Amino acid sequence: MSAIAIVLVTVLTGRVASACPTCRQAVEAGIFDEHFWGRLAITALPFALFLLIAARVHRVGGSASVEEKSP
């Protein structure tokens with residue numbers, strides 16, 4: 001099997017790591033605290049910037065690649 005197939009099978013069928021029952025509440029409280037949305041936004045920001053850049057390049061490339069023929 002290829003490496004990509006192995007990774008996909010592992011990710012799709014793997015169990016999500018979880019904390020022990022004793023520590024679970026403390027772990028969840030540490031993740032979902034008052035800073036959660038700010039940290040999530042900072043984590044997602046590079047993906048949004050790459051998407052914006054890709055959209056701009058696609059628009060510029062799409063309009064520039066069409067050449068009009070003159071008779």
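If you go through the stretch 7-41 and keep only what is part of a helix (DSSP H, G or I), open to solvent by 90 Å² or more (accessible area, probe 1.4 Å) and modelled with pLDDT under 80, you end up with Leu8, Val11, Leu12, Thr13.
Return a yes/no flag: does the stretch 42-65 have any residue that is part of a loop (DSSP other than H, G, I, E, B) and at pLDDT below 95. So far as the stretch 42-65 goes, yes, one or more of its residues are part of a loop (DSSP other than H, G, I, E, B) and at pLDDT below 95.
The values are calculated or read from the model by the stated rules, or taken from the named source; none is laboratory data. Keep in mind it's a predicted model, so treat the numbers as computed, not measured. Surface areas here come from the heavy atoms of the whole protein model, side chains and all, with no ligands, DNA or RNA. Shrake-Rupley method; radii C 1.70, N 1.55, O 1.52, S 1.80 Å.
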